[in-house]
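Asker: For reference, the structure I am asking about is given below.
A short reminder: the numbers here are calculations on the coordinates, not readings from a lab. Since the model is a prediction, treat every value here as computed from it, not as a measurement. Backbone-built Cβ (ideal geometry, glycine too); neighbour counts: all protein chains shown.
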Amino acid sequence: MILKHISILNYKNLEQVELAFSPKLNCFFGQNGMGKTNLLDAIYFLSFCKSAGNPIDSQNIRHDADFFVIQGFYEAADGSPEEIYCGMKRKQKKQFKRNKKEYTRLSDHIGFLPLVMVSPADALLIAGGSEERRRFMDVVISQYDKEYLDALIRYNKALAQRNVLLKSEQPVDDELFLVWEEAMAQAGEVVFRKREDFIREFIPIFQAFYSGISQGKEQVGLHYESHARGASLLDVLQKSRERDRIMGYSLRGIHKDELHMTLGEFPIKREGSQGQNKTYLVALKLAQFDFLRRTGNTVPLLLLDDIFDKLDASRVEQIIKLVANDNFGQIFITDTNRGHLDRILQKVGGDYKLFRVDHGKVSENGKEETA
């Protein structure tokens with residue numbers, strides 16, 4: 001899928017932007033805080049029905065504006081056009097449409113426009129809690145497996161209902177607990193199995209990317225841990241019920257799954273330098289792209305937001321070589337360092353566009369402002 005054109009009104013600091021893109025490489029440069037990341041986030045919104053950085057939709061409306069609109073005009077591999085529209089007014093529900101037809105469920109859209117974004121916020125995958133690493137698995141698998149996304153939604157709904165019962169100050173019949181525990185177990189087993197299959201296939205792809213960027217200097221790993229491994233999830237939930245009642249929430253289940261990230265034999269969170277951490281995260285996301293490219297029907301969009309910070313010259317060079325490879329489709333890159341972008345353009349050659357971003361206004365390589 002190729003994003004040919006985007007129209008943005010009042011999204012974050014972008015008052016009015018109209019841009020036509022290259023089908024291969026699109027670079028945005030400018031100082032920090034000018035709106036480069038907001039541009040990528042608008043593209044992300046069209047794929048995931050939400051912002052990558054702020055899940056509260058109303059807070060993405062530009063200050064002093066009453067609404068935002070993002071429209072993306074795409075071209076599928078067979079040449080057919082696709083139009084995606086998202087609009088939201090303050091104190092109203094957002095609208096999401098494909099070819100002018102509104103979605104009944106936003107989850108039906110996930111995976112239609114596969115996308116991978118690499119950004120400074122990815123640091124939370126290493127430094128943050130286990131929910132960040134579960135979200136990483138969820139974002140990847142949900143883009144190619146509808147059964148997984150449906151099971152995850154069912155599990156989370158059942159979990160919320162069980163937690164309501166656990167917090168109840170009135171006695172609750174065990175049969176009522178069993179209803180939600182059975183629902184959690186049924187959906188949770190599906191989620192566990194698919195996460196386990198994904199990680200098994202994903203690890204060698206990820207390790208190959210890390211080795212390429214680091215030029216074989218370090219070994220990395222991923223280790224998936226779940227309460228559903230080696231036990232009936234329903235038994236796990238039932239045995240934990242009394243303790244859960246004391247705590248007031250569910251202590252065990254696939255909502256507590258962990259993805260351990262290692263450098264050598266130790267947690268990278270503890271052992272990794274800034275450069276090693278950044279290499280790990282970039283390799284993780286490039287492997288995510290490659291995995292989606294292999295498993296899906298279309299090549300994902302790749303968004304690279306300020307990815308060269310904290311990396312030495314040799315690792316920057318290896319990443320530039322990777323993204324210049326023909327395996328990658330349409331790419332969007334931001335950087336404050338114009339030199340990084342120029343080096344990428346020299347490697348890639350051919351079709352590209354270069355944009356300057358300044359206080360929410362965007363101009364194409366010295367041409368007249370487009371906003």
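Asker: With θ taken as phi - 60° and the coefficients 6.51, -1.76 and 1.60, list the Karplus ³J(HN,Hα) couplings across region 58-72 in order, rounded to whole Hz; mark glycine and proline as x.
Answerer: Each residue of region 58-72 in turn: 5, 6, 8, 6, 4, 3, 6, 9, 9, 7, 9, 9, 10, 10, x Hz.
Asker: Grab the Cα-Cα distance for Ser211 and Lys157, subtract it from 0.36 nm times how many residues apart they are, and report the gain in nm with one decimal.
Answerer: Numbers: separation 54, 0.36 × 54 = 19.44 nm, distance 4.01 nm.
Length difference between fully extended and current span is 15.4 nm.
Asker: Right, next: Just to be sure I follow the rule: in region 265-370, considering lysines 8 or more places apart or on different chains, how many pairs have Cα atoms under 13 Å apart? Present the calculation step by step, with values, prior to reporting the outcome.
Answerer: Details: Lys269/Lys278; Lys278/Lys310; Lys321/Lys347; Lys353/Lys367.
Eligible lysine pairs with Cα atoms under 13 Å apart amount to 4.
Asker: On to the next question. In 5 Å bins starting at zero, report the fraction of Cα pairs in region 37-153 per bin as a rounded %.
Answerer: P(r) over region 37-153, rounded to whole percents: 2, 10, 19, 22, 21, 15, 8, 3, 0.
Asker: Mind checking which lysines have their C-alpha under 27 Å from Lys93, skipping anything on the same chain fewer than 8 residues away?
Answerer: Lys12, Lys36, Lys50, Lys101, Lys146, Lys157
Asker: Give the Rg/Rh ratio for region 238-293, taking Rg as the radius of gyration of the Cα atoms and Rh as the Kirkwood radius, to two decimals. Don't skip to the answer; put the middle values down first.
Answerer: On the way: Rg = 17.4 Å, Rh = 14.3 Å.
Value, to two decimals: 1.22.
Asker: Separate question: Hey, can you rank 159-165, 296-302 by average C-beta count inside 10 Å, highest first? Display every interim value, and only then the final one.
Answerer: Working: 159-165: 16.7, 296-302: 18.9.
By packing density, highest mean first, the sequence is 296-302, 159-165.
Asker: So, one more: Where Rh denotes the Kirkwood radius from the mean inverse Cα pair distance, what is Rg over Rh for region 9-88? Numbers along the way, then the final one.
Answerer: Working: Rg = 13.2 Å, Rh = 13.6 Å.
With Rg and the Kirkwood Rh in hand, the quotient comes to 0.97.
Asker: Got the relative contact order for the chain handy, in percent, Cα pairs under 8 Å and 6 or more residues apart? Please report the intermediate quantities before stating the final value.
Answerer: Values: 654 pairs, mean separation 92.6, N = 371.
Result for the chain is 25 percent.
Asker: To check you understand DSSP bridge types, tell me what percent of the beta bridges within the chain (both residues inside) are antiparallel, rounded to 5. Provide the component values of the computation, followed by the final result.
Answerer: Details: 42 of 60 bridges.
Around 70 percent of the beta bridges assigned by DSSP in the chain are antiparallel ones.
Asker: Taking amide H atoms as placed 1.01 Å from N in the peptide plane, list the residues 5 or more away in sequence, or in a different chain, whose amide H sits under 5 Å from that of Val118.
Answerer: Leu303, Leu304, Asp305
Asker: Now a separate question. Mind listing P(r) for region 252-365? All alpha-carbon pairs, 10 Å bins, whole percents.
Answerer: Taking all Cα pairs of region 252-365, the binned fractions are 11, 36, 33, 15, 5, 0 percent.
Asker: Moving on to the next point. For the chain, which DSSP H helices look membrane-span-like by this rule: Cα extent along the axis of 30 Å or more and mean Kyte-Doolittle of at least -1.0? Write down the numbers at each step before the final one.
Answerer: Values: long enough: 146-167 (32 Å, -0.35); 174-214 (55 Å, 0.13); 274-295 (31 Å, -0.40).
Taking the DSSP H segments of the chain (at least 30 Å long, mean hydropathy at least -1.0), we get 146-167, 174-214, 274-295.
Asker: Can you work out D for the chain in µm² s⁻¹ from Stokes-Einstein, where Rh is the Kirkwood radius over C-alpha pairs, the temperature is 20 °C and the viscosity is 1.002 mPa s? Show your work: numbers first, answer last.
Answerer: Values: Rh = 22.2 Å.
Estimated diffusion coefficient is 97 µm²/s.
Asker: For Asp173 paired with Gln95, estimate the spin-label separation in nm (one decimal), with each label point 7 Å from Cα along the Cα-to-Cβ line.
Answerer: Rounded to a tenth, the inter-label distance reads 4.6 nm.
Asker: In Å and whole numbers, how far do the C-alpha atoms of region 121-210 stretch along each principal axis, longest first?
Answerer: 54, 27, 17
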